[in-house]
Amino acid sequence: MEVEPIDDDTIVPQREYVFLRTGPTTFLKFGTLPNVFCAQGDRRWWHDHRTPGGIMITSNALGHFELSRAASFEITNKETTHGLDNAIRTIKNAYGHEKKIKGLTHCPATRLIAREPSEETPIREASDLYSYSPSHYHGYFHTDHLVPSVFFSKERDQKHLHEYDDLSFRYIYDPVGDPQDHKELMTGAETSAYEVKRNMDRLPDFLDPETPLKFTSKLDGRVGRWLAERLTQRLES
């Protein structure tokens, strides 16, 4: 990420972007939500954020994912409901949800809360997720903090952890309640080939965004080789 040094427990205001071509010369850009995963999370209260053999930073762009699998380049209720369903289900399946893990008081690390009778939800009534709040959930770390300080404790489970009770799903489906994040993270913002070039540093000539491409197995191979070379260069620099 092209940002200055980041303090622990900080929401990074500057976002990285992924792009989606919607026509010969038209593009959408989507902000991403980064998260840190570490090998040290294995069998700890934050077990869900473990990864084998090191540290990994992921950048999730839910709107990009939904539009990439949609029939058109427009986010509808079908796409937002599918995204919300997946997000709620991910929290529901958090490590330790089904049973208490011995010695882990703060497990699961994130959890759903019951939906109030007056709270409307896009989730269908027959779904097993219908009884949960579609707008917010709780957790012992803030999912928008790039580097949660609580991940870097030697203890398997700390004695005292702050519980965040305002973690939000609302940006996924509510353009009125969370208009800015809904547009940037779900529907996408119109952008230009120039901005694609400017943000995606050092694109090779054969991936010029101003030139419409038909993605083939041959092009797939070229992209794969280019990515491998770029990764090697960055690791050596």
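The values are calculated or read from the model by the stated rules, or taken from the named source; none is laboratory data. What you see is a predicted model, and the numbers here were worked out from it, not measured in a lab. Here the Cβ positions follow ideal geometry from the backbone for every residue, glycine too, while neighbour counts run over all protein chains shown.
Values for this structure:
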{"item": "Hits in region 1-56 - residues which are assigned to a strand (DSSP E or B), closer than 21 Å to LYS154 by Cα and out of contact with any helix residue (DSSP H, G or I) (no Cβ under 8 Å at 6 or more places or on another chain)", "result": "MET56"}
{"item": "Residue within region 131-145 that is at negative phi and loosely packed, with under 14 Cβ neighbours inside 10 Å present", "result": "yes"}
{"item": "Condition check for ALA94: touching a residue at least 60 places away in the same chain (Cβ under 8 Å), closer than 18 Å to PHE169 by Cα and not acidic (Asp, Glu)", "result": "no"}
{"item": "Tabulated pairs, region 42-64, first modelled with pLDDT under 90, second assigned to a loop (DSSP other than H, G, I, E, B) and not aromatic (Phe, Trp, Tyr), C-beta under 7 angstrom, 6+ apart or interchain", "result": "SER59/GLU16; SER59/THR32; ASN60/THR32"}
{"item": "Residue match in region 202-214 (condition: under 30 Å from GLN233 (Cβ atoms), of a type in the set (D, E, K, R) and touching an Asp or Glu at 6+ places or on another chain (Cβ under 9 Å))", "result": "no"}
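Table: residues versus (1) touching a Gly at 6+ places or on another chain (Cβ under 9 Å); (2) surrounded by 10 or more Cβ atoms within 10 Å (Cβ to Cβ); (3) within 22 Å of GLY31 (Cα to Cα).
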| residue | (1), (2), (3) |
| --- | --- |
| ALA193 | no, yes, yes |
| THR211 | no, yes, no |
| THR216 | no, no, no |
| GLY224 | no, yes, no |
